[in-house]
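Student: What follows is a single structure, and I will ask about it in a moment.
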Amino acid sequence: MRHSAVLLPLLLIAAASASAQSRDSVPPKVMQAGRISRQVDSAAVRIFGDSLTSSVDSAVAAEPTWDIDVRSYETRERVTHFISIFSGRAKERVTQWLERGSRYEPMIRAKLRAAGIPEDMYYLALVESGFDPHAYSRAAAVGMWQFMTGTARDMGLRVDWWVDERRDPVRSTGAAVRFIRDLRAQFGSLYLAAAAYNGGPGRVARGMARYADDVNLSESEDPFFVLAEKDYLKNETRDYVPQLIAAALIAKEPAKYGMQFRPVAPLAYDSVLVPAATPLRAVAVASSTDSRTLMELNPQFLRGMTPPREASLVRIPVGSASAFDSAFAALSKSDRAATHVVETKKGDTPDRIARTGGISAASLKAFNPKARTLKSGRYAVGQALTVPVPAVVEAMRFVPDPSIERYPKRAKRAVVKKSAKGKTAKSAKTVKAAKSSKSKTKASPKKKTAAKKKS
């Protein structure tokens, strides 16, 4: 509860009353600031009890601060627009995002601080994904920090069929922090770095070159806002920084905007080195937890097991590392086996082999994408198929191929046609469709030549 706005006037009135009562016995004199303070404190104790002054002090001490510049831009139209949305129709969703983010906040802030980047860039992940490690965009950007495959690999993340570290909140945060640090060094502005993170450094660099004179003339504003006023950046990028500022304002003063959220326990774990091709279920059993908890701690493992050919670091619940080695060694060989190999025979089908292994045909096909099938749907004879055990399938994530990258198609442009009455009307066909329809009605050059020859 904040006392400063409502209660301090009452304290001053009470202090004035105490001063008036003492004038009969004390000669008038100039009061020192310390005396006024003592009278206010005394009145506070009489009216509200001993706890008020400490409460006032704590309220002042708890006044929020930001290490990115939000105050200079909080009244801008696009910032207030997103504050209205975040605290209005999207209030419930944003509250869920803030609660989810609190699990990762200490880790993210620590990495930002270590890299010399303002810690409030933490809210960039809210704008990107709502702090969802499994967020997947239309352009196939993945994870809390929404990396494309190529950028992720450039930043040192592993992205393949077995592992997608874009989904790993710890590893992807490290990559995002390095990327933001490099972008800030390139552009000299944190908000330009954020815009480049969203829209690409090439586009921001070209914009800065094109509007260099305007940027240089504006000394009071961040270069991003100068560039954003031009009809150059895409709408998503133009609104990206205003959303970041709005999120930071609301998150640190939720009550001001009629919101509240309950932080959850921060991410904590131990790490153990696990052999290649180990079921996550076996790791869960050896660390006295369940597969669901282990999957939440290790969202980067896509196939319900550690990758073949090399050992992997796996996160397990705090306090379970000390007994892990002995517990893991005590597991049976079958419990530690993730797959087995089956050679296809005549008449074998995906359904038959999957049913024998106690798994689905879809799971079998996922582990054997290059297996040859006949027109009849049966497998070609003599192939070695990798069959995952049911425990592996249980922890498997059915996600799109991590190597896929999609880019948004160009926006459709309406074709304006004239109606029979001479009025114009917009057709839903695209320019491309219009061109294709023209090509159908127009004779090809070869047909024209043939027609000429006939004539």
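Student: Just the number, please: Stokes-Einstein D of the range 292-395 in µm²/s, Kirkwood Rh from C-alpha pairs, 10 °C, 1.306 mPa s.
Tutor: The calculation lands on 102 µm²/s.
Student: Given a 1.4 Å probe, how much area per residue of the range 283-414 is accessible, in Å²?
Tutor: 59 Å²
Student: Which pairs in the list K230/K256; K111/K234; K333/K370; K234/K256; K345/K365; K346/K370 are over 26 Å apart, alpha-carbon to alpha-carbon?
Tutor: In this structure, K230/K256; K111/K234; K333/K370; K234/K256 exceed 26 Å between Cα atoms.
Student: Oh, and also: Would you mind pulling out the separation of the Cα centroids of the range 357-410 and the range 151-180, in Å?
Tutor: So the two Cα centres are separated by 24 Å.
Student: If you don't mind, there's one more thing I want to ask. Using a 1.4 Å probe, how large is the accessible area of R181, given in Å² and rounded to the nearest 10?
Tutor: Here the accessible area works out near 100 Å².
Student: Still on this model: How many angstrom separate the Cα center of the range 83-119 from the Cα center of the range 185-232?
Tutor: 24 Å
Student: Here is a follow-up. Could you tell me which residue out of F187, V163, Y123 lies farthest along the dipole of the range 123-195 toward its positive end? Charges go on the beta carbon: Lys and Arg +1, Asp and Glu -1, centred on the Cα centre.
Tutor: Of the candidates, F187 comes out farthest on the positive side.
Student: Work through the residues other than P118 whose Cβ is under 12 Å from its Cβ and net out their charges, Lys, Arg +1 and Asp, Glu -1.
Tutor: 0
Student: So, one more: For q values of 0.19, 0.26 Å⁻¹, compute log₁₀ I(q)/I(0) with the Debye formula on a Cα-only model of the range 244-306, without solvent.
Tutor: -0.73, -1.14
Student: Just the ratio, please: alpha-carbon radius of gyration of the range 63-148 over 2.2 N^0.38 Å, N its number of residues.
Tutor: Relative to the 2.2 N^0.38 Å estimate, the range 63-148 comes out at 1.16.
Student: OK, next. What is the dipole size for the range 299-396, taken about its Cα centre, with +1 at each Lys and Arg Cβ and -1 at each Asp and Glu Cβ, in debye to the nearest 20?
Tutor: 560 debye
Student: What number comes out for the charge environment of T293, summing +1 per Lys or Arg and -1 per Asp or Glu over other residues with Cβ under 14 Å away?
Tutor: Neighbourhood net charge equals 0.
Student: What is the sum of charges, Lys and Arg at +1 and Asp and Glu at -1, for the other residues whose Cβ falls under 12 Å from the Cβ of I68?
Tutor: -3
Student: Could you order V314, V393 so the one with the most accessible surface comes first? Probe is 1.4 Å.
Tutor: V393, V314
Student: Ordering D160, D69, D325 by how much accessible area each has at a 1.4 Å probe, largest first, what is the list?
Tutor: Highest to lowest solvent-accessible surface, that is D325, D69, D160.
Student: Before I look further, what does the range 229-272 give for accessible area per residue, probe 1.4 Å, in whole square angstrom?
Tutor: With the other protein chains kept in place, the range 229-272 gives 52 Å² per residue.
Student: Two decimals, Cα atoms only, Kirkwood Rh: what is Rg/Rh over the range 196-345?
Tutor: Across the range 196-345, the Cα-based Rg/Rh ratio is 1.25.
Student: OK, next. In the range 194-307, with Lys and Arg counted as +1 and Asp and Glu as -1 at Cβ, which of these residues, P263, A251, P307, has the Cα nearest the positive end of the dipole, that is, farthest along it?
Tutor: Farthest towards the positive end: P307.
Student: How do the peptides 93-100, 110-117, 262-269 rank, highest first, by the average count of neighbouring beta carbon atoms within 10 Å per residue?
Tutor: Put in order of decreasing packing, that is 93-100, 110-117, 262-269.
The values are calculated or read from the model by the stated rules, or taken from the named source; none is laboratory data. Since we're looking at a predicted model, the values are computed, not measured. Every residue, glycine as well, gets a Cβ built from its backbone with ideal geometry; the counts of neighbours run over all protein chains shown. Heavy atoms of the whole protein, side chains included, go into the accessibility calculation; ligands, DNA and RNA do not. Shrake-Rupley method; radii C 1.70, N 1.55, O 1.52, S 1.80 Å.
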